[in-house]
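The values are calculated or read from the model by the stated rules, or taken from the named source; none is laboratory data. Everything numeric in this text was worked out from a predicted model, so none of it was measured. Glycine also receives a Cβ, built like all others from the backbone with ideal geometry; neighbour counts cover every protein chain displayed. Just the protein is used for accessible areas: all its heavy atoms, side chains included, with ligands, DNA and RNA removed. Shrake-Rupley method; radii C 1.70, N 1.55, O 1.52, S 1.80 Å.
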Amino acid sequence: MDLSAVHAALAAKSYSAIAPLCDDLLLQAASRGTDTGDWPYAVHLLAHLHLNDLNSARFLWKTTPQEAKDARPELAAVWRIGQCLWNRDYAGVYAAAQGFEWSPEIADFVAAFLESYRKRIFQLLTSAYSTISVADVAHFMGMNEEDATNYAMQNGWSLDATTKMLTVVKPKVKTNQKLDASKLQRLTECVFHLEH
């Protein structure tokens, strides 16, 4: 089975392209009856997690041969991350990802997943809270309190050192108004009638 496209996507750090690519290749292999014994299940599973597609990740896990699950500790480690995501165990996601010695092939992908996940969680915190404790931010972000405080403050949040509470700064929403010619014409006519 030719997995060169998957390896090229990993090398190019095109992580968002890997899940659909793997899905297509696995479907082609299944339709041809090709042996999938050397299939990169860990990469495929992590690709779905990277896209936050937990349903596809669970389906892939359920359809992965038991022999592959038993023989590949890296695959089981990726699945532990998936389980933590499914259970909303925020600290567990970081512990599972950082508590395994990843192979060189997948180590950068795991690091990119964690960075993406951390940004996604930070955006959720930003939209859900106006103030939040440093301890809670540290828990959700998988950091110690000092690093979590620094991360939040670098993103514009402010710290009340006495209460150890962070004040969330919501990003300003930019709205682009598009005026087409008919709207501009009606506005001009309205202004013209008001002036006369």
From (1) open to solvent by less than 50 Å² (accessible area, probe 1.4 Å); (2) free of Cβ contacts under 8 Å to residues at least 40 places away in the same chain, pick out the condition that doesn't hold for Arg80.
-> (1)
Going through the range 26-42 one residue at a time, which ones are of a type in the set (S, T, N, Q) and without any contact (Cβ under 8 Å) to a residue 12 or more places away in the chain?
-> Gln28, Ser31
For His48, are the conditions met, namely being within 30 Å of Pro171 (Cα to Cα), modelled with pLDDT of 95 or more and either buried (at least 20 other Cβ atoms within 10 Å of the Cβ) or of a type in the set (D, E, K, R) (or both)?
-> yes
Kindly indicate whether any position in the range 63-70 is more than 30 Å from Ala148 (Cβ to Cβ) and among the hydrophobic types (A, V, I, L, M, F, W, C).
-> yes
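Results for (1) modelled with pLDDT of 95 or more; (2) in the same structural domain as Val6 (by the TED database), shown as yes or no for each residue.
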position: Leu85; (1), (2): yes, yes
position: Tyr90; (1), (2): no, yes
position: Ala96; (1), (2): yes, yes
position: Glu101; (1), (2): yes, yes
position: Ala112; (1), (2): yes, yes
position: Leu124; (1), (2): no, no
position: Asp136; (1), (2): yes, no
What do you reckon, is Asn150 at pLDDT 95 or above and open to solvent by 40 Å² or more (accessible area, probe 1.4 Å)?
-> yes
